[in-house]
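Engineer: There's a structure below that I have some questions on.
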Amino acid sequence: AMTAHSFALPVVLFSAFWGLVGIAAPWFVPKGPNRGVIITMLITSAVCCYLFWLIAILAQANPLFGPQLKNETIWYVRFLWE
Amino acid sequence: SFVAGVIHPWRVSAFERLLWRACRGYLVANFVEMPEPMEDPATGESITWVIFLISYWGEQIGQKIRKISDCFHCHVYPYPESETSRADTMNGLHSQIQDLSVVLEETEQYLSQVLDKVMLALPTWRVQVQKMKAIYLVLNQCSFDVTEKCLIAEVWCPVRDLTQVQDALRQGSYKSGSSVECFVQRIPTSESPPTLIRTNKFTAGFQSIVDAYGVASYQEVNPAPYAIITFPFIFAIMFGDVGHGLVMFLFALWMVLYENSPSLQQGSNEIWQTFFEGRYLILLMGAFSIYTGFIYNECFSKATVIFPSAWSVAAMANHSSWSSAYLATHPSLTLDPNVTGVFQGPYPFGIDPVSVPWDAGWDLQLVARSLTFLSPWQIWSLATNHLNFLNSFKMKMSVVLGIVHMGFGVLLGVFNHVHFQQRHRLVLEFLPEMVFLLALFGYLVFLIFYKWIKFSSADSRVAPSILIHFINMFLFTSNADNLPLYQGQVVPVQMVLVVLALVSVPILLLGTPLYLHCRRHALKPGHAGPVAVEEQEALLDGQEAGNSVNASKEDVESGGHSPDAKHVDFSEIFMHQAIHTIEYCLGCVSNTASYLRLWALSLAHAQLSEVLWSMVMRNGFVRLSYVGGVVLVPVFAAFAVLTVAILLVMEGLSAFLHALRLHWVEFQNKFYVGAGYKLCPFAFAPDSWE
C-alpha cells in the first residue's frame, strides 16, 4: 500500500520551521558582542536552506516523466511483494 | 755538557744527520718518543714529540748544536749537570704540573657553574633581547622633534581605543618615572586609513578568506558575515552527501573540541596548520553538506528512505497489464505519472529515492536476500533514467541560487552608497542594476518556478521550453511549436521587460558621470576648494581621519596616498563608468552561467561516489558466506581509504575552490572594491617583526 503524499503539509511544516529560525529566533539572541553576527547567520541560513528545500520539492511536484525501471525489479516488486 | 729539548717527529732524521755531519761524531744523541701526544703551543696541533738528549764535549760543538737545533725549531730546555739538581728540577716540575692541574680543574668547575646559571636565565634573556629589538625597530620609525629631546611618532589608532591609548601612555610614563608625560593628539590627514575588522576565533577564518582576495576599503561593507553561511552552503551544494558530510563534520568537531591542546596548536606541518585554522569553516561545511546530502538523498551514494517513495509500480503494472511475459521482452519500462495512482505527490524532504541510482547488474537472488533486511521501499532507488530528472533539477537549482546570490550582492551595494553619502548612486546605479538583473534573470527565475507549478505530466507532450522562450525574448521572435507559458507572455510582458532592461543600460552608463559633471559646474563659480565627493572612493573628512601623535614621519605600513588633484576629468569618470556598465551587463549573463558549476560539481561528486561504491564496496558483498565476511574487511579498508582520499580530500578541495571562486568573482564584483590595507598594530608576537 502506498501512502499519498500531500503537498500542503510539508510546505506548511517546513515554512514554519525555517520561519521560526529566520524570523522568530533572532529576537531571542542574547545581547553581547556577537549578537549581530549570530542574527545574520540565522537569517542567512534560514533563507538558504529553505530556498534549497523549496526548489527540491517544487521540482518534483508535477513531474513531466516517470522513472524508468529495469524489468527484473518490476517483476520482483510486482509479483513478489504486491 | 748536555742539550735537551723536544723536536717535531718529522724532523728527527734530518736533525740527526745534520748533527752527525756537523759535529763529526763528537756527540752522543739520544732520541725518545714521548709516551702521549701534546699540543703544539704555536699551531695547536696534537703531535707526538720526540725528546732528545745530546751530550757533547767542547764549547764550539755546543754552540753548533744549539744553532742547529734553533734552525730546526726545537724547544730547548735547560739540563742541569749534576744528578741532584736534575732530581730537584724534576720535583719542581712535577709540583708545578700538579698545581696547574688543580687550577684547571677549579676553573672548569667554576665555568660549568656559571653556564648552568646562565642556562636557566637564557630563555628569558632571549625574549628580552627580542623585545628590545622590536621596540627599537619601532622607535627608529619615530623622529626627533626640534629640541632633540623627545621622539614623535605618527600612528593610526581606532577611535574606540583612543582612551585606552591615552591611559597606557600615562601608565607608561608613570612607571618609567619620567618627569615629562607622553601624550597623544589627533591630527587631521587626507590619507586613507587602514582597515581594522575585529574578529574572534570563529569569524577569523571567514574574514581571512575574504581578505585573501582583497582587504576591504576603509569603511566599506564587509562581505564576511554573510560568507559565514553562504560559503559553506555553496560548498555543500557541490558536495552534498550525508556520509561524507558527516565524516567531515566529525573531523572538524574533533579539531574544535581539542583546539586548546598545545599539540594541535603547534603543529609543525604547514598543511595541517591550514586545516586547523579553518576548523570552524570545515565544521560548517560538513554540517551543511549533511543537510544538502539529505535533500539530494545521497548517503555514500545510497538513498535513504525516510518517507515511503511516491511512485507505485503496482498501479502502473495494473494499468498497462505488465505480465511476466511482457516484462521478459522489455528490458526496461517507464512509470507514467499520467496514470492515476502511479505518482502520489512529491517526496516531502529532498529527492525521491526512486531517482537515485541503483547498481546495475545485481543478481536477483542477491537482491531478494539483501532486501529482506531493508525497507521494502528501498527498491525504488533504481531508476535508469535518474540523470534526466536530476540534471534538470540541478541546472535550474544552480541558476535560481546564482541569481539570488548575485541579487543579494547588488543589494549590499546599497549599504555602501548610503554610508558614503552618495545617494545619487542609489537612483543612478543601484536602480538600473537591479532593474536589469530582475527584468531579465529575475524573470527567468519566475519562469522556472511557474513551469514547475503550472505544468504537469498531463501536458508533458507540449510543455514549453524555458530556454527557447528566453532566447526568443531577446530576439523578439517566437517559435510556433513552443507554446507560451501563460497568456500574454510574449507580447506585453516580455517586451516590456526587455525594453526596461535596455533602458536601464544607458542610465547606468551616463547617469553618474552626468550628475557629477552638473554638480561640479554648479559648484565651480563659488568654490576653489576641493569638491569632496567627486571620486568614486569616499574621501575622508577630518573626523574620520587617522588619529595621530604629533609627527612628521609616517607608519611604514601606510599604503595610502593623498588623493590627488581635484580636477578629475569628466572623461575619466565616464571611462570608469563605461567599464563598470559593460562589466556589469555582460557579467550578469556570464556569471549566471558560471553558477552552473554548482550543477557540474554536484553531478561529478555523485557519480564518483557511485562508481566507488559499485566498483569497490559492492565486491565485498558478493559472497554471502563466512568467507564473504572475511573478504569484506580489506574491501572496506580500500573503500574507506579511497573515499577519504578521492571524495573527501580531492573533491572537498575542488568544491572549496569553486565555492571560493563564486564568492570572490561572481558575488563580490557586484559591490566589493577591496582596495584597502590592513592595520598592523605593533605586537610582541615574533612573526611580525623578526
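The values are calculated or read from the model by the stated rules, or taken from the named source; none is laboratory data. Only a predicted model underlies this, so the values are computations on that prediction, with no experimental measurement involved. Positions of Cβ are backbone-derived with ideal geometry, glycine not excepted, and every protein chain shown enters the neighbour counts.
The rows are residues; the columns are (1) over 22 Å from residue B:397 (Cα atoms); (2) within 27 Å of the chain's Cα centre (by Cα).
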| residue | (1), (2) |
| --- | --- |
| B:598 | no, yes |
| B:601 | no, yes |
| B:604 | no, yes |
| B:611 | yes, no |
| B:614 | yes, no |
| B:620 | yes, no |
| B:633 | yes, no |
| B:642 | yes, yes |
| B:652 | no, yes |
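Engineer: Now for a different question. So in segment B:1-32, with the set limited to residues that are closer than 17 Å to residue B:73 by Cα and of a type in the set (D, E, K, R), which one is surrounded by the fewest Cβ atoms within 10 Å (Cβ to Cβ)?
Structural biologist: B:17
Engineer: If you check every pair at least six apart or on different chains, which have Cβ atoms under 8 Å apart with a residue in segment B:185-208 that is farther than 19 Å from residue B:156 by Cα and free of Cβ contacts under 8 Å to residues at least 24 places away in the same chain first and a residue that is among the hydrophobic types (A, V, I, L, M, F, W, C) and part of a loop (DSSP other than H, G, I, E, B) second?
Structural biologist: From segment B:185-208, the pairs are B:207/B:197.
Engineer: Output yes when any residue across segment B:332-349 is closer than 14 Å to residue A:56 by Cβ, at pLDDT below 70, within 7 Å of another protein chain (Cβ to nearest Cβ) and surrounded by 21 or more Cβ atoms within 10 Å (Cβ to Cβ), and no when none is.
Structural biologist: Among the residues of segment B:332-349, not one is closer than 14 Å to residue A:56 by Cβ, at pLDDT below 70, within 7 Å of another protein chain (Cβ to nearest Cβ) and surrounded by 21 or more Cβ atoms within 10 Å (Cβ to Cβ), which makes the answer no.
Engineer: Inspect all residues belonging to segment B:611-623 and state whether any of them is surrounded by fewer than 18 Cβ atoms within 10 Å (Cβ to Cβ), at pLDDT below 80 and not in a helix (DSSP H, G or I).
Structural biologist: The answer is yes, given that some residue of segment B:611-623 is surrounded by fewer than 18 Cβ atoms within 10 Å (Cβ to Cβ), at pLDDT below 80 and not in a helix (DSSP H, G or I).
Engineer: Does residue B:391 meet the test of being modelled with pLDDT under 95, within 12 Å of another protein chain (Cβ to nearest Cβ) and surrounded by fewer than 20 Cβ atoms within 10 Å (Cβ to Cβ)?
Structural biologist: Spelling it out, residue B:391 is indeed modelled with pLDDT under 95, within 12 Å of another protein chain (Cβ to nearest Cβ) and surrounded by fewer than 20 Cβ atoms within 10 Å (Cβ to Cβ).
Engineer: Could you pull out the residue among B:88, B:116 that is at pLDDT 85 or above, charged (D, E, K, R), part of a helix (DSSP H, G or I) and surrounded by 11 or more Cβ atoms within 10 Å (Cβ to Cβ)?
Structural biologist: On the way: B:116 fails: surrounded by 11 or more Cβ atoms within 10 Å (Cβ to Cβ).
Result of the check over B:88, B:116: B:88.
Engineer: Another question, if that's okay. Does residue B:162 satisfy the criteria of being part of a helix (DSSP H, G or I), touching a residue at least 24 places away in the same chain (Cβ under 8 Å) and not assigned by the TED database to the domain that holds residue B:292?
Structural biologist: Answer is yes for this residue.
Engineer: Still on this structure, please answer the following. In segment B:149-159, which residues are in contact (Cβ under 8 Å) with a residue 60 or more places away in the chain and either over 35 Å from the mean Cα position of the chain (by Cα) or loosely packed, with under 11 Cβ neighbours inside 10 Å (or both)?
Structural biologist: Hit for segment B:149-159 is B:152, nothing else.
Engineer: Output the residues belonging to segment B:262-278 that are assigned to a helix (DSSP H, G or I) and hydroxyl-bearing (Ser, Thr, Tyr).
Structural biologist: Selection gives B:263, B:274.
Engineer: Among the residues of segment A:20-75, write down those that are small (Gly, Ala, Ser), assigned to a loop (DSSP other than H, G, I, E, B) and facing chain B (nearest Cβ under 7 Å).
Structural biologist: Residue satisfying the conditions is A:66 alone.
Engineer: Does segment B:12-43 hold any residues that are under 16 Å from residue B:62 (Cα atoms) and touching a Ser or Thr at 6+ places or on another chain (Cβ under 6 Å), and which are they?
Structural biologist: If the condition is that a residue be under 16 Å from residue B:62 (Cα atoms) and touching a Ser or Thr at 6+ places or on another chain (Cβ under 6 Å), then B:28 is the only one that fits.
Engineer: Suppose we filter B:138, B:146 for residues that are at pLDDT below 85, surrounded by 12 or more Cβ atoms within 10 Å (Cβ to Cβ) and of a type in the set (A, V, I, L, M, F, W, C); which single one remains?
Structural biologist: Unique residue meeting the criteria: B:138.
Engineer: Could you say whether any residue in segment B:229-237 is more than 10 Å from chain A (Cβ to nearest Cβ), assigned to a helix (DSSP H, G or I), closer than 20 Å to residue B:601 by Cα and not aliphatic (A, V, I, L, M)?
Structural biologist: The answer is yes; a qualifying residue exists.
Engineer: Just for helices (runs of 4 or more DSSP H) wholly inside segment B:380-472: which have at least 1 residues that are under 30 Å from residue B:351 (Cα atoms) and among the aromatic types (Phe, Trp, Tyr)?
Structural biologist: B:386-419, B:443-454
Engineer: Looking only at segment B:314-321, decide whether some residue is at pLDDT below 75, facing chain A (nearest Cβ under 7 Å), more than 37 Å from the chain's Cα centre (by Cα) and part of a loop (DSSP other than H, G, I, E, B).
Structural biologist: No; the residues of segment B:314-321 include none that is at pLDDT below 75, facing chain A (nearest Cβ under 7 Å), more than 37 Å from the chain's Cα centre (by Cα) and part of a loop (DSSP other than H, G, I, E, B).
Engineer: When you go through (1) more than 7 Å from chain A (Cβ to nearest Cβ); (2) at pLDDT 85 or above; (3) buried (at least 19 other Cβ atoms within 10 Å of the Cβ) one by one for residue B:277, which number turns out not to apply?
Structural biologist: Only one criterion is unmet by residue B:277, namely (3).
Listed here are the residues, each with its yes/no results for (1) without any contact (Cβ under 8 Å) to a residue 40 or more places away in the chain; (2) in contact with a helix residue (DSSP H, G or I) (Cβ under 9 Å, 6 or more places away or on another chain); (3) outside the structural domain of residue B:8 (by the TED database).
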position: B:38; (1), (2), (3): yes, no, no
position: B:45; (1), (2), (3): yes, no, no
position: B:50; (1), (2), (3): no, yes, no
position: B:68; (1), (2), (3): no, yes, no
position: B:88; (1), (2), (3): yes, no, yes
position: B:94; (1), (2), (3): yes, no, yes
position: B:114; (1), (2), (3): yes, no, yes
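Engineer: Got a sec? Which of B:166, B:207 is out of contact with any Leu (no Cβ under 8 Å at 6 or more places or on another chain) and closer than 30 Å to residue B:664 by Cβ?
Structural biologist: B:207
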